[in-house]
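Please read the structure below before turning to the comments.
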Number of protein chains: 2
Amino acid sequence: MTPASPTLSERTPSARRTLGRCRALVRPCLVTALDRLHPATRRLAVYACGLEEAGRAPAGGGGGKGVRPALALLAGEAVGGGAEAALPAAVATELLHTFSLIHDDILDEDEWRRHRPTVWKAFGTGPAVLAGDALFALAVETVSTSGAGDCAQALRLLCAALDGLMRGQAQDLQFEQRPWRGGDAVLPEEYRAMVGDKTGALFGGAVALGALLAGAGPGPVAAFGAAGRQLGLAFQIVDDVLGIWGDPRRTGKPVGSDLRRGKKTLPVVAVLAEGGAAARRLAGLLEAGELDDAGARAAAALLEEAGGRSLALAEGRLALTRAYRTLAEVPLVPRAWRELTALADFLVERAG
Amino acid sequence: MTPASPTLSERTPSARRTLGRCRALVRPCLVTALDRLHPATRRLAVYACGLEEAGRAPAGGGGGKGVRPALALLAGEAVGGGAEAALPAAVATELLHTFSLIHDDILDEDEWRRHRPTVWKAFGTGPAVLAGDALFALAVETVSTSGAGDCAQALRLLCAALDGLMRGQAQDLQFEQRPWRGGDAVLPEEYRAMVGDKTGALFGGAVALGALLAGAGPGPVAAFGAAGRQLGLAFQIVDDVLGIWGDPRRTGKPVGSDLRRGKKTLPVVAVLAEGGAAARRLAGLLEAGELDDAGARAAAALLEEAGGRSLALAEGRLALTRAYRTLAEVPLVPRAWRELTALADFLVERAG
């Protein structure tokens with residue numbers, strides 16, 4: 001029996017508290033792990049994790065929210081094993097996430113992230129490639145020395161997450177080459193499969209590994225994996241919405257950056273698949289090539305008019321509902337489950 | 001008791017036969033592993049492994065000699081477990097080696113390898129980063145699904161190899177920034193530590209993992225790891241010599257490419273550390289910046305005159321002797337041991 005969720009007004013402060021509590025637990029372990037790197041690599045890794053500014057004194061900014069490691073810890077608490085046992089899952093997840101951001105920024109030629117130059121922009125492409133590799137290796141090591149009772153199973157979960165991550169990135173790169181219209185256009189179901197891999201696999205891996213290390217059996221671990229994947233899909237859809245309509249001061253990226261670069265995000269793909277006059281005008285705008293500030297604003301307005309924003313947000317909420325349903329039969333610790341759902345609701349409602 | 005080595009004249013044909021036999025065993029497993037990648041990534045991975053030309057029909061060229069996987073198989077045979085059991089070690093080693101070549105070529109901005117454009121040059125930096133990552137992930141998966149009795153120990157070996165690889169690469173990048181002379185110059189012992197990591201760790205990991213998967217106990221596994229590290233050092237020293245004095249038609253790289261780019265290789269580092277008139281002239285040449293064809297030839301001649309070539313080759317032979325001594329007390333299958341030493345001798349004598 002799953003206990004009831006908290007009311008809406010309770011969610012945001014609770015989610016922020018949860019994220020803060022989890023960051024405080026993970027941070028010392030993350031620092032200890034990073035200390036094992038070669039000093040030259042460590043410098044970049046620490047910058048990427050937002051623990052220090054490049055060549056400057058440590059600063060508070062730059063770090064992510066720590067969503068994935070928090071989910072790993074909460075999954076460990078929810079199955080009754082406690083956050084301590086799930087810590088290696090949280091650390092490995094954060095390392096893998098940071099690795100994927102560093103390499104992804106090279107793939108996408110992104111120059112800004114979290115209001116700072118990306119790693120390759122700040123330190124050069126070669127050192128950035130190497131820093132990503134080192135974080136990847138450190139994540140594998142973290143799992144393999146976690147003392148998990150079933151080492152092979154822990155690694156299968158890690159490998160499944162990695163496999164999804166890589167497939168999703170390869171698919172995402174291929175999407176960029178495909179047209180906006182016609183038989184070769186990207187379909188919403190293809191988008192869902194890509195994001196289920198690219199973002200969902202790591203969310204699923206984080207919670208499944210957190211549950212496993214905290215002592216959960218195969219059933220709950222598999223349920224957490226599937227639910228995490230759905231939550232990852234919901235999270236990415238919301239990120240897509242923020243990437244188009246979000247406040248650049250909060251997203252840390254230029255206005256409408258995903259639209260300018262012609263990324264195949266759900267709002268666009270869903271609207272173009274449905275067709276109609278606004279969709280045709282939108283496709284015409286996008287086909288004209290890279291957009292400037294005014295073009296990105298026009299495209300965003302057109303996309304909103306065609307229902308892209310509300311369609312995407314509805315899909316995000318649907319994915320979250322699926323995640324909850326997947327876990328409905330798993331017996332969980334009520335307090336931890338409340339924290340987990342408050343955080344998940346917050347993640348999906350943040351683009352409101 | 002270790003049986004006697006074959007005579008010099010028997011080594012080369014025997015080594016070539018061994019490499020061919022091992023490639024034939026590894027290749028189908030490698031192809032099966034690569035088939036699990038996303039098609040876009042698989043295309044680059046297959047090119048990097050030399051299994052197919054980019055956009056052309058499969059070609060024979062481009063593949064490496066398969067030294068590392070052969071050593072993994074021979075270690076498995078030498079401890080009496082057979083090549084079959086050691087196959088996952090061989091496949092994982094080849095995947096990791098190929099991953100490191102792809103990313104290393106990005107780090108070093110190398111445009112040619114094995115007579116073909118490097119992966120980033122042929123397909124772009126972003127796709128090359130991703131292909132390397134996918135091979136890395138596939139290597140981890142290969143070890144984690146190898147069915148090793150001691151999964152945690154197999155992963156510790158893999159992680160140690162990865163850790164060495166990353167540290168060595170970071171150190172190598174740092175060496176490039178250091179001067180040729182003075183208190184900050186790279187010392188021969190620093191070079192040895194770097195190469196022991198960068199090349200030795202993967203050689204050591206390959207044979208240790210091969211022995212472990214073939215059923216060897218902790219003592220022989222550790223001995224193989226240490227011996228492999230020494231063999232890797234010897235191999236890299238010979239590679240350094242070939243990178244300076246080797247025939248470009250055989251190395252697949254431009255004449256004296258390491259000298260042109262000012263890489264801190266053992267022949268140079270050893271000669272500069274010993275000092276003398278030729279060393280001072282050499283340092284002057286190198287400090288003048290990137291060398292042209294004539295400059296590279298002059299530097300190579302000066303370096304040979306100063307004894308750089310013979311010093312380096314003697315160090316290589318010393319490392320090989322150390323490798324053999326490390327294994328002297330380990331009981332091994334005579335036939336496999338003969339093959340292993342014939343291959344190791346060949347690898348170290350190839351710059352003769």
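The values are calculated or read from the model by the stated rules, or taken from the named source; none is laboratory data. Because the structure is predicted, anything quoted here is derived from the model rather than measured. Reconstructed Cβ throughout: ideal geometry from the backbone, glycine too, with neighbour counts over all protein chains shown. When the accessible area is computed, the model is the full protein with side chains, heavy atoms only, and any ligands, DNA or RNA have been set aside. Shrake-Rupley method; radii C 1.70, N 1.55, O 1.52, S 1.80 Å.
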Pairs of alpha carbons in chain A whose separation is greater than 35 Å (percent): 21
Peptides A:91-100, B:313-322 ordered by average Cβ neighbours within 10 Å, highest first: A:91-100, B:313-322
Any chance you could give the angle, 0 to 90 degrees and rounded to 10, that helix B:151-177 forms with the longest Cα principal axis of chain B? 10
Given an 8 Å cut-off on Cα distances and at least 6 residues of separation, report the relative contact order of segment B:260-333 as a percent. 38
Of B:GLY215, B:GLY80, B:GLY147, the most mobile residue in a GNM of chain B (C-alpha springs, cutoff 10 Å) is B:GLY147
Copies of A:ALA288 compared via label points 7 Å along Cα→Cβ give distances in nm, shortest first, of 5.6
Can you work out the accessible area per residue across the protein assembly as shown, with the rest of the protein chains kept in place, probe 1.4 Å, in square angstrom? 39
Sorting from shortest, the nanometre distances separating the label point of A:ARG16 (7 Å past Cα along the line to Cβ) from those of the same residue in the other copies are 7.3
Averaged across B:106-119, how many Cβ atoms of other chains sit within 10 Å of each residue's Cβ atom? 1
With the contact rule set at Cα under 8 Å and sequence spacing of 6 or more, what percent relative contact order holds for segment A:8-349? 20
Across peptide B:154-163, how many C-beta atoms of other chains are within 10 Å of each residue C-beta, on average? 5
Semi-axis lengths, Å, segment A:102-165, gyration tensor of Cα atoms, sqrt of 5 times eigenvalues: 29, 12, 9
For A:ALA301, go 7 angstrom from Cα along the Cα-to-Cβ vector, then report the distances to that same point in the other copies in nm, smallest first. 7.3
Return the whole-Å distance between the Cα centroid of segment A:103-142 and the Cα centroid of segment B:150-208. 21
Across all Cα atoms of the protein assembly as shown, Rg and the largest Cα-Cα distance (Dmax), in Å, are 26.9, 84
Classify segment B:218-288 from the C-alpha gyration tensor, please: rounded if a/c falls under 1.5, else prolate or oblate depending on whether a/b exceeds b/c. oblate
Between the residues B:ALA160, B:GLY307, B:TYR324, the Cα farthest towards the positive end of the dipole of chain B, that dipole coming from +1 and -1 charges on the beta-carbon of Lys, Arg, Asp and Glu, is from B:TYR324
Is any residue of segment B:207-235 close enough, with backbone N under 11 Å, to a label point placed 7 angstrom from the Cα of B:ASP150 along the Cα-Cβ axis, and if so, which? B:212-213, B:215-222
Hey, how much of the P(r) for segment B:269-352 falls beyond 22 Å, as a percent of Cα pairs? 46
Value of [θ]222 nm, deg cm²/dmol, for chain B, DSSP H segments ≥ 4, -39500 (n - 2.57) each, nearest 500: -23500 deg cm²/dmol
By how many nm would the segment from A:GLU109 to A:GLU287 lengthen if fully extended, with 0.36 nm per residue of separation less the alpha-carbon distance? 62.0 nm
Debye intensity ratio in log₁₀ form over the Cα atoms of segment B:73-225, taken at each q of 0.08, 0.10, 0.14 Å⁻¹: -0.27, -0.41, -0.74
For residues of A:131-142, the mean tally of beta carbons on other chains within 10 Å: 6
Within 15 Å, Cβ to Cβ, of A:GLY147, how many net charges do the neighbouring residues add up to if Lys/Arg are +1 and Asp/Glu are -1? -3
